[in-house]
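Notes to accompany the following structure.
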Amino acid sequence: MARNLFEYHPVTGYRYVPGIRARVRHEGGGYLIRCNRTGFRCEHETTERPPPGARRVLLFGDSYTAGEGVSNRSRFGDLLERRMAPLQILNFGLPGSGTDQQYLAWREFGRTLPHDLLLLCPLVENIRRNLDTHRLTQSTADGSLVLRAKPYFLLLDGRLSLFHQPVPKQVTPYAPGAGPVASNAEPATALRRSVRRLNVAIDRRLPGFRGWTQRVRRVRWPLEFESPHHPAWQLLRAILMRWIEESPVRVLLCPLPTFAHLSGNVLADGYRARFAELARDSGTEFVDLLPALLRHPPDERRRARFAVDEHPSPLGHAMIADAIAPALERALARSEAA
């Protein structure tokens, strides 16, 4: 993500520059970003009340939700809003964030806003981000890699403890094997680099071969979901449980699968089982998007992402909106009847 679109924030670590308007270069032809005065990429200001007669949904997630690669109006949140009018969706998506930062953003900016529903859309492969104490990014000055502190939780004696509040401002130059530890900054070993180069070479010569081998080996991904006792899942579960418990309104939990899941190359059994257990234990609703997304023809699923950038294309956002819409409509109807 381009750092000049963001500014430091003491609670979440960063946010979009409030009120920024920008065009971002991209393989899809470029896209427009427009942010509100709260510092999120949303067409609406965070007013005390929604428009008269409109229901309001608060939407949280990372770059898939914020919509990297597409203009505001093409994102799944905006598509849902237009489809289900009168509805106002306040998009608090924050690129590069973990569920920990998204929860803190809700606590800082969204909790006191009147709303009818809370829509949580964590991207399943980002489960490791909650383990980070720092994030690897580019410096705005010279483009070099630096480590920026982020807020983080630890599970101590079964209780969540928050660290880096306020988030330290200092930036650490990145040097493999030195400085603060961040899970997204683990240097690749020589073996990993060799395997990666081999995979790229094979995919160029034999398109689809790597995916075929994953299917044959029945690869499960992400591995952190395979056991309910994995530390990364235990931390994510604790954050989501606290968020659900503190929410004054109904919560809709819509974890987003990766494109490896949509291609059918890797198995999603682990994350689906863990989120189903969480929904049962918390009394909230888990919306399993994968069956609806897999009903699309293979060619559509391939075109749901950009060729190089692994973010949803406009078609991908439309597919996600179609998958979420029935559950969102039901949840809003139940909230209105309650």
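Things worth noting here:
- Exactly one residue out of L87, L59, L80, L94 is modelled with pLDDT of 95 or more and open to solvent by 10 Å² or more (accessible area, probe 1.4 Å): that is L87.
- Cβ-Cβ under 7 Å pairs, at least 6 apart or on other chains, segment 122-142 side farther than 20 Å from V167 by Cβ, far side assigned to a helix (DSSP H, G or I) and among the acidic types (D, E): I127/E224
- Scanning segment 31-56 for residues that are basic (K, R) and at pLDDT below 95 turns up just one, R49.
- Every condition in (1) over 16 Å from the mean Cα position of the chain (by Cα); (2) open to solvent by 30 Å² or more (accessible area, probe 1.4 Å) is met by F259 except one, and the failing one is (1).
- Here L156, L131, L120 are screened, and the one residue that is within 24 Å of P248 (Cβ to Cβ) and either at pLDDT 95 or above or surrounded by 23 or more Cβ atoms within 10 Å (Cβ to Cβ) (or both) is L120.
- Only one of the listed residues (R41, R73) is crowded, with 23+ Cβ neighbours inside 10 Å and out of contact with any Ser or Thr (no Cβ under 7 Å at 6 or more places or on another chain). That residue is R41.
- On inspection, P114 passes the criterion of being under 23 Å from E246 (Cα atoms) and either in a loop (DSSP other than H, G, I, E, B) or open to solvent by 20 Å² or more (accessible area, probe 1.4 Å) (or both).
- Being at pLDDT below 95, surrounded by fewer than 24 Cβ atoms within 10 Å (Cβ to Cβ) and over 23 Å from L120 (Cβ atoms) holds for only one residue in G19, G28, and it is G28.
- Residues (β-branched (V, I, T), modelled with pLDDT of 70 or more and part of a loop (DSSP other than H, G, I, E, B)) located in segment 165-188: V167
- All helices (runs of 4 or more DSSP H) inside segment 37-106 with 1 or more residues being touching a Cys at 6+ places or on another chain (Cβ under 8 Å): 63-66
- Selected residue [within 17 Å of Y8 (Cα to Cα), in a strand (DSSP E or B) and among the aliphatic types (A, V, I, L, M)] from L147, L154, L162: L147
- Inside segment 227-237, residues that are buried (at least 17 other Cβ atoms within 10 Å of the Cβ) and assigned to a loop (DSSP other than H, G, I, E, B) make up a count of 1.
- Within segment 260-282, one or more residues are assigned to a helix (DSSP H, G or I), modelled with pLDDT under 95, hydrophobic (A, V, I, L, M, F, W, C) and farther than 18 Å from G98 by Cα.
- In segment 288-335, the residues that are of a type in the set (A, V, I, L, M), open to solvent by 40 Å² or more (accessible area, probe 1.4 Å) and touching a residue at least 60 places away in the same chain (Cβ under 8 Å): A307, V308
The values are calculated or read from the model by the stated rules, or taken from the named source; none is laboratory data. Since the model is a prediction, treat every value here as computed from it, not as a measurement. Ideal geometry is used to build each Cβ from the backbone, glycine not excepted, and the neighbour counts take in all protein chains shown. Note: accessible area is taken over every heavy atom of the protein model, side chains too, but ligands, DNA and RNA are not part of it. Shrake-Rupley method; radii C 1.70, N 1.55, O 1.52, S 1.80 Å.
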